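Since the structure comes first, as structure tokens, the remarks are kept for the end.
Any read-out appearing in this document is the output of simple, stated calculations on the displayed coordinates, not a laboratory observation. Not measured: the values here are computed from a predicted model. Every residue, glycine as well, gets a Cβ built from its backbone with ideal geometry; the counts of neighbours run over all protein chains shown.
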Amino acid sequence: KRVQAAAQKYLVNDNRTVGLLLPDRRAQSPDLAKASSEIDRNPKLRDAAAGKSQASAAPVEFALANGVRVLFWQNPASPTVAIRARWPGGRSRDGESHGLAQVALEMLYEGTAARDKAAFAELLESRGFELQTQLAFEYAELFTAGLAADFETAAALLAEVLAQPRWPEDAFEV
């Protein structure tokens, strides 16, 4: 009973402390498709993907022109690359529409404006990409991993999924 009383007293929205990684407020809202091409042209990321950089314990950090904050860790000994996109948009933002954030996140598996679900799945499988979503209370996340040699394709695909998701009406039918 004491634990429940403490939880009811302290675990409320007014007592919540949240840390978020946000783009620079002076920048325009992120256009992820454009961000992908900027990432592809960034020499730091290209070197990391090609295994030309030294492994680092601390991330290399920089911001794209559109305000997207980029952190990456380099490990040239690994032939893989992992890309994670995280943004504010977790369950705390559902309001009265409980489950809305989860549905929106799961819809990312339906493909993109340029690729239906089957073509999207075929691309993932043909390149050996892993794709995962995660929904937390304060954020949503999309993660992909694959071979470092396919970095440009992985970055472009992640940007495509986030910037141009497919929302087929039949996916909402019950």
The stretch 73-159: spread of alpha-carbon positions along the three principal axes, whole Å, largest first, is 46, 31, 15
Amide H contacts under 5 Å for Ala140, restricted to residues at least 5 apart in sequence or on another chain and with H modeled in the peptide plane, are Trp87, Gly89, Gly90
For Lys117 and Glu152 in the same chain, what is the full-extension length gain: residue separation times 0.36 nm, less their Cα-Cα distance, in nm? 10.5 nm
The extension gain from Glu169 to Ala82, computed as 0.36 nm times the residue separation minus the Cα-Cα distance, is 28.2 nm
Here the stretch 137-150 yields Karplus 3J(HN,Hα) values (6.51, -1.76, 1.60; θ = phi - 60°; whole Hz; Gly and Pro given as x) of 5, 10, 8, 10, 8, 10, 10, 9, 9, x, 6, 4, 4, 9
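Using a Förster distance of 35 angstrom, determine the FRET efficiency expected from the C-beta separation of Arg127 and Ala58, and round it to 0.05.
Here the calculated transfer efficiency is 0.75.
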With a Förster radius of 41 Å, plug the Cβ-Cβ distance of Lys9 and Met107 into 1/(1 + (r/R0)^6) and report the FRET value to the nearest 0.05. 0.65
Give me a comma-separated list of calculated 3J(HN,Hα) values for the stretch 114-120, in order, Karplus coefficients 6.51, -1.76, 1.60 applied at θ = phi - 60°, integers in Hz, x for any Gly or Pro. 8, 9, 6, 4, 5, 5, 5
Around Thr80, which amide H atoms from residues at least 5 apart in sequence, or from another chain, sit under 5 Å from its own amide H, with H modelled in the peptide plane? Ala148
Difference of contour (0.36 nm per residue) and Cα-Cα distance, Glu96 to Glu138: 13.5 nm
